[in-house]
1. Which of the residues spanning the stretch 1-12 are under 16 Å from residue 92 (Cβ atoms) and surrounded by fewer than 16 Cβ atoms within 10 Å (Cβ to Cβ)?
2. Quick one: in the stretch 102-114, which of the residues that are touching a residue at least 60 places away in the same chain (Cβ under 8 Å) and part of a helix (DSSP H, G or I) is farthest from residue 44 (Cα to Cα)?
3. Going by the structure shown, is residue 82 touching a residue at least 12 places away in the same chain (Cβ under 8 Å), in a helix (DSSP H, G or I) and in contact with a helix residue (DSSP H, G or I) (Cβ under 8 Å, 6 or more places away or on another chain)?
4. With the structure loaded, tell me whether residue 90 is over 28 Å from residue 116 (Cβ atoms), touching a helix residue (DSSP H, G or I) at 6+ places or on another chain (Cβ under 7 Å) and buried (at least 18 other Cβ atoms within 10 Å of the Cβ) or whether it fails that test.
5. Test residue 18 against the stated conditions and say whether it is part of a helix (DSSP H, G or I) and modelled with pLDDT under 95.
6. Report every pair of residues separated by at least 6 positions or lying on different chains whose Cβ atoms are under 9 Å apart, first residue within the stretch 18-44 and in contact (Cβ under 8 Å) with a residue 24 or more places away in the chain and at positive phi, second in a helix (DSSP H, G or I) and surrounded by 16 or more Cβ atoms within 10 Å (Cβ to Cβ).
7. What number goes with the only condition from (1) over 24 Å from residue 101 (Cα atoms); (2) in a helix (DSSP H, G or I); (3) out of contact with any strand residue (DSSP E or B) (no Cβ under 8 Å at 6 or more places or on another chain) that residue 12 does not pass?
8. Consider residue 50 carefully, then state whether it is over 12 Å from the mean Cα position of the chain (by Cα), surrounded by 11 or more Cβ atoms within 10 Å (Cβ to Cβ) and modelled with pLDDT of 95 or more.
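The values are calculated or read from the model by the stated rules, or taken from the named source; none is laboratory data. What you see is a predicted model, and the numbers here were worked out from it, not measured in a lab. Virtual Cβ from ideal backbone geometry, glycine too; neighbours counted across all protein chains shown.
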């Protein structure tokens with residue numbers, strides 16, 4: 001059995017819905033990890049931060065980020081504070097985070113890139 005693709009996110013997120021639908025429509029087997037029900041896997045978060053960088057993993061354009069007070073936003077200035085914020089508030093993670101079968105990681109949905117991966 002080939003390694004599984006894991007899609008991490010929140011089920012009601014429109015981008016996560018689009019990504020999951022795209023994978024299903026293209027016959028790509030995958031599992032879904034729900035941040036709301038299962039939490040953020042700390043070891044996986046560490047991999048994402050190392051692979052993609054905290055600036056990519058943390059969604060600084062989203063509603064959740066904008067709702068944070070200025071002191072909290074200002075304190076996120078590197079991987080350590082970004083990790084702490086993501087564990088405390090998973091909705092601040094840009095979605096979806098996909099762990100591909102080859103071990104690579106992508107953040108967000110890009111159909112062109114994904115087509116090359118399958």
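1. Of the residues in the stretch 1-12, the ones under 16 Å from residue 92 (Cβ atoms) are 8-10, 12.
Listed by number, the list holds a single entry, 12.
2. 111
3. Numbers: touching a residue at least 12 places away in the same chain (Cβ under 8 Å): yes; in a helix (DSSP H, G or I): yes; in contact with a helix residue (DSSP H, G or I) (Cβ under 8 Å, 6 or more places away or on another chain): yes.
Against the criterion (touching a residue at least 12 places away in the same chain (Cβ under 8 Å), in a helix (DSSP H, G or I) and in contact with a helix residue (DSSP H, G or I) (Cβ under 8 Å, 6 or more places away or on another chain)), residue 82 qualifies.
4. Values: over 28 Å from residue 116 (Cβ atoms): yes; touching a helix residue (DSSP H, G or I) at 6+ places or on another chain (Cβ under 7 Å): yes; buried (at least 18 other Cβ atoms within 10 Å of the Cβ): yes.
Criteria met by residue 90.
5. Working: part of a helix (DSSP H, G or I): yes; modelled with pLDDT under 95: no.
So residue 18 fails the test.
6. Pairs found: 39/90.
7. (2)
8. Values: over 12 Å from the mean Cα position of the chain (by Cα): yes; surrounded by 11 or more Cβ atoms within 10 Å (Cβ to Cβ): yes; modelled with pLDDT of 95 or more: yes.
Spelling it out, residue 50 is indeed over 12 Å from the mean Cα position of the chain (by Cα), surrounded by 11 or more Cβ atoms within 10 Å (Cβ to Cβ) and modelled with pLDDT of 95 or more.
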